[in-house]
Amino acid sequence: MFQKTAGFRVFFWISLVCIGGFIFLPLLWMVNTALKPQAETFTMGFFNTVSLENIKSIVTNGTIMTYLKNSLIVSFASSFMATLVCTLAAYSFSKFRYTGRKLIMGAFMMSQAFPQAILLLSIYVLMQKTGLLGSYGALLISYVVFTLPVGTWTLKSYFDQLPDALIESAKIDGAGNLRIMGQIILPMAIPGMISVAIYGFVWSWNDLLYSMTLVTDSAKRTLASGLVMTYLGEASTNWGAMMAASIVSAIPVTIIFVFLQRYFIQGLTAGAVKG
Amino acid sequence: MKKGSPLKSLTDKQVGFMLVIPGLAVFIGIILYPFVNSVIMSFTNRSLLQPNYGWVGFENYAKVFKDPYFLQTLGTTFLFVLLATAIPFALGLIWAIVLNQGFKGAEFLRGITLVNWIIPGTAIGFLWSWIFNGQYGILNGILKGLGLLETGIPFLGQTGTALLCVVVARTWQMLPWYMAFLLGGLQGVSLDQIEAARIDGAGNWRVFTHVVVPSMKTIMTLVFVLGLVGNLQHFDLPWTMAQGGPARATTTLSIEVYTTAFKNWNMGKAATIGTIWAVLLACFSFIYLRQVNEAD
């Protein structure tokens with residue numbers, strides 16, 4: 001795209017080194033701090049002595065492991081629910097025509113734009129009334145909302161690519177709506193469904209605001225809010241353990257990302273660009 | 001399939017509508033109802049500490065607009081939103097151009113760049129608090145090592161630098177996101193057009209400003225607006241790094257709504273701030289929707 005003139009080379013190398021350093025050095029520093037013996041936390045040493053002391057202190061910490069388990073439960077469940085809801089809605093938007101369709105589509109798209117904090121006020125009161133406050137249920141339902149706009153649009157763009165003739169010919173063969181959906185349409189949208197599921201999982205895994213507010217029972221806290229509660233406001237902060245805990249909290253999403261990167265980027269871009 | 005027969009007797013329109021019911025229920029229950037309810041709440045003196053509350057009309061609004069802290073919060077929010085969108089956007093674009101050069105390892109770099117964006121905001125907040133730590137942080141360590149400083153600067157503990165620290169952390173988190181979109185945009189730029197411009201004697205800069213930027217206009221605007229909306233909502237980093245402090249220096253609207261409601265238990269006032277905020281957000285969303293409709 002750009003000719004490799006002297007000027008461009010200078011720009012290229014300066015950018016590569018500076019932005020590359022900015023992106024990767026902090027991560028290295030996090031790993032470095034976590035892998036130091038606790039006695040060396042405050043030294044500038046860079047991978048001098050590697051010790052699993054900090055990691056062990058996190059992995060054997062029952063409370064933090066409970067948070068981890070809670071996060072896994074909530075994220076898997078909400079991701080599953082969100083994918084289901086988005087798939088049905090996207091299929092409906094793409095292949096059916098009915099009154100109110102445009103209005104509902106607009107409403108779904110708008111839901112991205114409502115400030116989460118203001119919704120949270122009433123969700124809190126609502127969950128308090130219905131007795132869901134403090135349970136996983138409150139979080140699960142709220143997290144579906146995060147995925148709704150992007151998820152529906154990602155999947156709608158998948159369904160839009162499937163020719164209507166496919167459905168028509170199945171109908172002529174006598175297949176009902178349910179069979180068409182289950183046997184013809186859904187299998188073709190699986191890549192899209194995976195990217196929506198990942199999106200939903202990462203959203204729920206990383207959320208702090210809702211989990212800090214809607215989960216009042218500390219035994220049910222998710223990792224993000226649990227770690228904040230554990231480490232913020234501590235007088236003498238144990239940075240080694242904090243970095244180790246951060247790494248532990250980052251591992252599940254990173255693993256998912258590494259293995260399913262292709263779907264992920266697809267979903268990320270398709271969802272937002274197409275609206 | 002048991003449900004086969006009743007479903008078959010339905011018209012396509014009815015089936016279509018039924019499919020959208022779960023999503024619609026979630027939308028109404030968790031977005032529309034809470035939103036309307038919060039707006040209504042802004043006209044009451046509701047508190048989480050007392051079960052009874054009543055109408056107060058525009059009293060909350062009058063209080064909020066008279067509150068000098070509210071103006072400060074608005075200012076902090078605008079500054080944060082602007083910086084935390086513009087900086088990662090610019091760096092993300094440069095990074096996308098670099099990775100688009102297709103050198104060996106570019107694919108790999110793109111992959112690990114995205115890790116920053118994937119990991120939880122809590123972890124990112126912890127990491128940057130550690131880097132900016134006033135006593136033992138690596139940034140102070142480097143500055144002292146270079147002989148630039150005698151004693152460490154409490155970057156997150158002083159009002160002048162705290163917000164900037166949060167912006168840096170947010171930049172680190174979001175740069176990959178901008179990069180992913182803009183790289184997609186770069187790859188869509190027509191090479192024929194670039195070729196044509198080159199024949200007309202255009203250099204790199206002219207190619208960038210006259211071909212690349214115009215053909216990426218839609219995606220750039222979209223990403224920028226989405227970035228603004230995201231930052232206007234952002235909560236994790238200012239909270240984990242500074243809890244809105246010191247002296248409210250990192251208190252953005254989302255932090256303010258959270259603390260007003262769940263630390264001071266004043267739901268009415270929190271709802272008022274939230275409603276004002278929603279109006280601001282609606283303006284951004286309007287631009288976003290228009291862009292999306294154009295792109296469709």
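No lab work stands behind these numbers, since they all come straight from the coordinates. Note that the structure is a prediction, hence the values are computed from the model and not measured. So basically every Cβ, Gly included, is an ideal-geometry build from the backbone, and we count neighbours across all protein chains shown.
Summary of computed values
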{"quantity": "Candidates B:Gln187, B:Gln233, B:Gln173, ranked by Gaussian network fluctuation over chain B, Cα under 10 Å, top entry", "calculated": "B:Gln187"}
{"quantity": "Positive-pole candidate from B:Thr250, B:Gln135, B:Pro120, dipole of the stretch B:70-250, charges at beta carbon", "calculated": "B:Gln135"}
{"quantity": "Cut-off under 5 Å, modelled amide H: who pairs with B:Thr44 long-range", "calculated": "B:Val56"}
{"quantity": "Selection from A:Asn238, B:Gly147, B:Ile276, by position along the positive dipole direction of the protein assembly as shown (Cβ)", "calculated": "B:Ile276"}
{"quantity": "For B:33-42, mean number of other protein chain Cβ atoms within 10 Å", "calculated": "5"}
{"quantity": "Once the Cα gyration tensor of the stretch A:58-269 is diagonalised, semi-axes √(5λ) in Å", "calculated": "37, 20, 14"}
{"quantity": "Neighbouring partner chain Cβ atoms per residue of A:208-217, average, 10 Å criterion", "calculated": "3"}
{"quantity": "Taking the convex hull of Cα positions in the protein assembly as shown, its mean projected area over all directions (nm²)", "calculated": "30.3 nm²"}
{"quantity": "Most to least packed among B:202-212, B:263-273 [average Cβ atoms within 10 Å]", "calculated": "B:263-273, B:202-212"}
{"quantity": "Two-site FRET efficiency, A:Val10 against B:Leu280, from Cβ-Cβ distance with R₀ of 41 Å, rounded to 0.05", "calculated": "0.50"}
{"quantity": "Length released on extending from A:Gln38 to A:Thr63, taking residue separation times 0.36 nm less the Cα-Cα span", "calculated": "7.0 nm"}
{"quantity": "Cleavage-rule hits, chymotrypsin sites (Phe, Trp or Tyr not before Pro), the stretch B:6-65, DSSP coil, Cβ neighbours within 10 Å at most 15", "calculated": "B:Tyr53, B:Phe58"}
{"quantity": "Kirkwood hydrodynamic radius over Cα pairs of chain B, then Stokes diffusion coefficient at 25 °C and 0.890 mPa s, in µm²/s", "calculated": "108 µm²/s"}
{"quantity": "Among B:Thr161, B:Ala196, B:Ala106 the positive-end extreme of the charge dipole of the stretch B:70-250 (Cβ point charges)", "calculated": "B:Thr161"}
{"quantity": "A:Ile184 versus B:Lys104: modelled label distance in nm, points set 7 Å from Cα along the beta carbon direction", "calculated": "5.0 nm"}
{"quantity": "Aspartates and glutamates whose Cα lies under 19 Å from that of A:Lys36, excluding same-chain neighbours fewer than 8 positions away", "calculated": "A:Glu53"}
